[in-house]
Amino acid sequence: MTQTARLTLRRPDDWHVHLRDGEMLKAVAPYTARQFGRAIVMPNLVPPVISVADAVAYRERILAALPEGSDFTPLMTCYLVDHADAAEIERGFGEGVFTAAKLYPAHATTNAAHGVTDVRTLYPALEAMQRIGMPLLVHGEVTDPDIDIFDREAVFIERVLSKLVSDLPELKVVFEHITTAEGVAFVEAAGPNVAATVTPQHLIINRNALFAGGLRPHAYCLPVAKREQHRLAVRRAATSGSPKFFLGTDSAPHAVERKEAACGCAGIFNAPFALESYAGVFEEEGALDRLEAFASENGPRFYGLPLNEGRVVLERVPSEVPDALAAAGSSLVPFHAGETLPWRFAGVAA
Ligand SMILES: NC(=O)N[C@@H](CC(=O)O)C(=O)O
Ligand SMILES: [Zn+2]
Ligand SMILES: [Zn+2]
């Protein structure tokens, strides 16, 4: 069998990333901007990005953190709170500031303390979003402490998402970072207005990675990795060629001392080798010919945005992932730390 040695792809986008703020933003934004043309930037700062003015100011800080000459475009999102202001959201979308709005169930994940306690209070905002074609992005986990953490995505579908999608049948919904067979089945069965992002980690690790020879904080993110059968279902979906599944890294940096702690933060920092990571998965699945649709076409088509014009090149040359990368007076341990990946991002094609 001959091996593909070089791949040229339409420039991809990252439909779910955490760029943080301040010194951490300056450290991490260049990694995302190097590989991706655009990214949907998550609004879970402290305090969160709620108003149009918040998003305009954050976008300026992101642009200021990019390397000289970068043509990367951050796409901003609005953090939904109980009784979210429909008029403000609609204005932000109309002015080209907000691309989407994000639903975090209160306390579901990192910096979700201001999240939504009752989805019904969002209905005026969601109805406006449905009318104007503005996507709702969902962190799909219930927060009920009685529900086992490994079941929180499946129970969210039953208790929240099914009803939301049937009450708002035309609303564009992105089920973010899906991790389960139930998530895949829900998205596949729904209309074309429902899609999902898939992270590299949920294609590569199952929950055993959290406990491989000891507790592994760098494999911990939310939603937490599930059993192998779920990883396989997510892999099949992502590499199937279905337009409903697209790239969203959920790169979520936390300084090493916040990960390696008695109560370590959730989040995997995968931005530095994101495309290499996905390419390895698509190659293993014999689906390299579907990587471009997943990475560069399905997302913009779902969002109703133009495809990028540029191209990037991946070469089948080993990439050595460092054990740590300096950032903001500390360091970040990247996904795949210490591993050698089969692909290398060779840059934007001339
Ligand atoms: N994915 C994570 O584990 N963490 C994210 C939040 C999120 O996307 O849920 C973060 O902001 O750190
Ligand atoms: Zn999330
Ligand atoms: Zn996230």
Away from ligand 1 (no atom under 14 Å from the Cβ) and within 19 Å of the chain's Cα centre (by Cα): is that true of G304 in this structure?
yes
Give the stretch 15-31 a look and list any residue that's away from ligand 2 (no atom under 16 Å from the Cβ) and under 22 Å from P135 (Cα atoms), or say none.
none
Go through A185, A196, A189 for me and flag whichever is crowded, with 19+ Cβ neighbours inside 10 Å and small (G, A, S).
A196
Before we move on, is F245 in contact with a Phe, Trp or Tyr (Cβ under 8 Å, 6 or more places away or on another chain), aromatic (F, W, Y), at pLDDT 95 or above and under 29 Å from N193 (Cα atoms)?
yes
Tell me the residue from P48, P74, P43 that is buried (at least 20 other Cβ atoms within 10 Å of the Cβ), away from ligand 2 (no atom under 16 Å from the Cβ) and under 21 Å from H16 (Cβ atoms), please.
P74
Of everything in the stretch 225-245, what is within 16 Å of ligand 3 (Cβ to nearest atom) and part of a loop (DSSP other than H, G, I, E, B)? Give them in sequence order.
A225
Could you list, in sequence order, all residues of the stretch 320-339 that are of a type in the set (D, E, K, R) and assigned to a loop (DSSP other than H, G, I, E, B)?
D323, E339
Counting just the residues of the stretch 157-216 that are in a strand (DSSP E or B) and small (G, A, S), which one comes out farthest from the chain's Cα centre (by Cα)?
A195
If the requirement is being more than 15 Å from ligand 3 (Cβ to nearest atom) and either touching a Pro at 6+ places or on another chain (Cβ under 6 Å) or not hydroxyl-bearing (S, T, Y) (or both), which of these qualifies: P105, P200, P145?
P145
Of everything in the stretch 2-20 that's away from ligand 3 (no atom under 16 Å from the Cβ) and more than 17 Å from F273 (Cα to Cα), which residue is surrounded by the most Cβ atoms within 10 Å (Cβ to Cβ)?
R10
Within the stretch 261-273, can you find the residues that are touching a residue at least 60 places away in the same chain (Cβ under 8 Å) and more than 14 Å from ligand 1 (Cβ to nearest atom)?
P272, F273
With respect to M24, determine if the residue is aliphatic (A, V, I, L, M), within 16 Å of ligand 3 (Cβ to nearest atom) and surrounded by 24 or more Cβ atoms within 10 Å (Cβ to Cβ).
no
Being away from ligand 2 (no atom under 16 Å from the Cβ), touching a Cys at 6+ places or on another chain (Cβ under 7 Å) and either in contact (Cβ under 8 Å) with a residue 60 or more places away in the chain or within 16 Å of H177 (Cα to Cα) (or both) is the requirement here; does K244 meet it?
no
Is it true that some residue in the stretch 206-215 is of a type outside the set (D, E, K, R) and touching a Pro at 6+ places or on another chain (Cβ under 9 Å)?
yes
Can we say E23 is within 28 Å of P272 (Cβ to Cβ), in contact (Cβ under 8 Å) with a residue 40 or more places away in the chain and of a type outside the set (A, V, I, L, M, F, W, C)?
yes
So the check is Cβ under 8 Å with 6+ separation or different chains; which pairs have a first residue in the stretch 206-233 that's closer than 25 Å to A112 by Cα and a second one that's within 16 Å of ligand 3 (Cβ to nearest atom) and at pLDDT below 95?
L222/A108; L222/T109; L222/T110
Check on P12, more than 16 Å from ligand 2 (Cβ to nearest atom), touching a helix residue (DSSP H, G or I) at 6+ places or on another chain (Cβ under 6 Å) and part of a loop (DSSP other than H, G, I, E, B)
yes
Say whether the condition of being of a type in the set (G, A, S), outside any helix (DSSP H, G or I) and more than 21 Å from V138 (Cβ to Cβ) is met by at least one residue in the stretch 246-257.
yes
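The values are calculated or read from the model by the stated rules, or taken from the named source; none is laboratory data. Worth saying up front: this structure is predicted, and the values here are computed from it rather than measured. Please note: Cβ atoms are built from the backbone with ideal geometry, for glycine as well, and neighbour counts cover all protein chains shown.
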